[in-house]
Amino acid sequence: NNGPWNGGNNPWGKKDSNNSNNNWNPKNKGDDLDKMLNQFKEKLEKFFSKGPKSFIMGFLVLSFLWLISGFYTVSPEEQGVVLRFGKYVSISSPGLNYHIPSPIEKVIKVPVTTTRNVEIGFRSQSAGSIRNVDEESLMLTGDENIVDINYSVFWVIKDAGKFLFNIQSPVETVKAASETAMREVIAKNRLQNILTEGRS
């Protein structure tokens, strides 16, 4: 049957129906994969056909690369926590250090000079606004009055190993301990003293 394009030909040139999908063919893709696997197999056979010396040399090169991967540096504001099979072993000082490469040992670097901040009784919002948290800020004084206190606690990490492994939630622990300490001080003082000379 003759179509509007002169016997089935489109206006942009002749199209061979036998080669209509040359750009992508699952069979061609499989052939390419087989070719790549065969090439890889041939390379392996060539490598091992050179004898045990080549195998030993390759093993030594890989071992050397694995060993030198254990070098690492710790910056002055960090401590390096060395773990062996996931268990805390030691703390690395700043500078160039070495550990047994992965998967035997790994290092977690923790910033220890950064001053951290915990807000109690309030939360800082965007655009400089503040949201009050009454369950934290309202405290009972020694003369049974209620005072509303907002304050911040600034802290740094002294021991990165203890920070990571001795306490499950160190930030929450600092917050809870700080709030408890403040409530104890407020409970021992009268409202007038808290608002005046005892404020600091």
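The values are calculated or read from the model by the stated rules, or taken from the named source; none is laboratory data. No experiment lies behind these values; they were computed from the predicted model shown. Cβ placement follows ideal geometry from the backbone for every residue including glycine, while neighbour counts extend to all protein chains displayed. Heads up: the accessible areas ignore ligands, DNA and RNA and are worked out on the full protein's heavy atoms, side chains in. Shrake-Rupley method; radii C 1.70, N 1.55, O 1.52, S 1.80 Å.
Does Tyr72 fit the bill of being open to solvent by 80 Å² or more (accessible area, probe 1.4 Å) and in contact with a Gly (Cβ under 9 Å, 6 or more places away or on another chain)? No: the conditions fail for Tyr72. Just one residue in the set Tyr98, Tyr88 is more than 25 Å from Ala177 (Cβ to Cβ) and either surrounded by fewer than 16 Cβ atoms within 10 Å (Cβ to Cβ) or in contact with a helix residue (DSSP H, G or I) (Cβ under 8 Å, 6 or more places away or on another chain) (or both); that residue is Tyr98.
Select from the stretch 165-178 the residues that are of a type outside the set (Val, Ile, Thr) and either in contact with an Asp or Glu (Cβ under 6 Å, 6 or more places away or on another chain) or open to solvent by 40 Å² or more (accessible area, probe 1.4 Å) (or both) and list them in ascending order. Of everything in the stretch 165-178, those that are of a type outside the set (Val, Ile, Thr) and either in contact with an Asp or Glu (Cβ under 6 Å, 6 or more places away or on another chain) or open to solvent by 40 Å² or more (accessible area, probe 1.4 Å) (or both) turn out to be Phe165, Asn166, Gln168, Ser169, Glu172, Ala176, Ala177. Restricting attention to the stretch 71-89, the residues being more than 15 Å from Phe163 (Cβ to Cβ) and of a type in the set (Gly, Ala, Ser) number 2. Just give me the residues in the stretch 83-95 being under 25 Å from Thr115 (Cβ atoms) and either in contact (Cβ under 8 Å) with a residue 60 or more places away in the chain or not small (Gly, Ala, Ser) (or both), in sequence order. Selection gives Tyr88, Ile91, Pro94. Taken over the stretch 51-79, the criterion of being within 26 Å of Thr113 (Cβ to Cβ), of a type outside the set (D, E, K, R) and without any contact (Cβ under 8 Å) to a residue 60 or more places away in the chain is satisfied by Gly70, Phe71, Tyr72, Thr73, Val74, Ser75, Pro76. Scan the stretch 120-164 for residues that are in contact with a Lys or Arg (Cβ under 9 Å, 6 or more places away or on another chain) and open to solvent by 40 Å² or more (accessible area, probe 1.4 Å) and jot them down. Selection gives Arg123, Ser124, Gln125, Ile130, Arg131, Asn132, Leu140, Gly142, Asp143, Asn145, Phe154, Val156.
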